[in-house]
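For reference, the structure discussed in these notes is given below.
The values are calculated or read from the model by the stated rules, or taken from the named source; none is laboratory data. No experiment lies behind these values; they were computed from the predicted model shown. All Cβ positions, even for glycine, are placed from backbone atoms using ideal geometry, and neighbour counts span all protein chains on display.
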Amino acid sequence: MIEGQGSKTFSKAKSFLYREPELSHLLLEKITTTTIQYLKLQIESGADMIQIFDSWAGILSPEYYNEFGMKYIKIICNSINDVPITSFSKGAFFALENMKDLNCNTIGLDWTMDIESSIKLFDNTKTLQGNLDPCVLYGDFNLIEKKTKEMLDKFANTRHIANLGHGVYPDTDPEKVKCFINSIKSN
């Protein structure tokens, strides 16, 4: 919206936050209101649960993520009460402590987030989702099985949804995805 195209640095969007904080908040409020309306329509249309993807959360400093990210994620979570909510903030390992207070059921962990410390932090108050590095799926079948088992072992005896720590890359061999799924099912 601010960048006008894809970006590797998000320098236009980030500089907008610094140069125009009031206007940034106004824009984020509009996006948040629209997102809530959209999600409620999805629920009315039969969605059994929703997931909020904040895929670029990690590009902001902790201070700016709290002000320009987490603030609006909280508003969205507090506005949806009809279905379970998953909140996924990629790269925002620094915000996990604040996520304990989110009105959501599940916290998505990307592959950079430590499983053991996340388990201790959330103390089984929320389901944790994730967090295998999607690049593991470029490895051979033995590696995928090994890394999947290691992930599952770390999550043992906790509320957990086995998943990748972000999406499947477009050039990933579907047979490797199948291996990941079968590895989960066999454990």
> What are the residue pairs meeting all of these: first residue in the range 26-50, first residue over 18 Å from ASN103 (Cβ atoms), second residue modelled with pLDDT under 95 and of a type in the set (Val, Ile, Thr), Cβ atoms under 9 Å, and 6 or more apart or on different chains?
Replying inline: LEU27/ILE2
>> Of everything in the range 53-72, what is of a type in the set (Gly, Ala, Ser) and assigned to a loop (DSSP other than H, G, I, E, B)? Give them in sequence order.
In response: SER55, SER61
>> Checking the structure you have, find out if any residue of the range 144-160 is out of contact with any helix residue (DSSP H, G or I) (no Cβ under 7 Å at 6 or more places or on another chain) and among the hydroxyl-bearing types (Ser, Thr, Tyr).
In response: no
> Failed condition for ASN81, given (1) of a type in the set (S, T, N, Q); (2) under 23 Å from THR158 (Cβ atoms); (3) outside any helix (DSSP H, G or I), with all others met?
Replying inline: (2)
>> Return the residues of the range 100-132 that are over 18 Å from MET70 (Cα atoms) and of a type in the set (Lys, Arg); say none if nothing qualifies.
In response: LYS120
>> Just the residues that are surrounded by 12 or more Cβ atoms within 10 Å (Cβ to Cβ), closer than 17 Å to PHE68 by Cβ and basic (Lys, Arg), please, taken from the range 1-44.
In response: LYS12, LYS14
>> Kindly evaluate ASP171 against the criterion of being in contact (Cβ under 8 Å) with a residue 24 or more places away in the chain and charged (D, E, K, R).
In response: no
> Hey, ILE181 hits all of (1) out of contact with any Ser or Thr (no Cβ under 6 Å at 6 or more places or on another chain); (2) surrounded by 17 or more Cβ atoms within 10 Å (Cβ to Cβ); (3) of a type in the set (Val, Ile, Thr) but one; which does it fall short on?
Replying inline: (2)
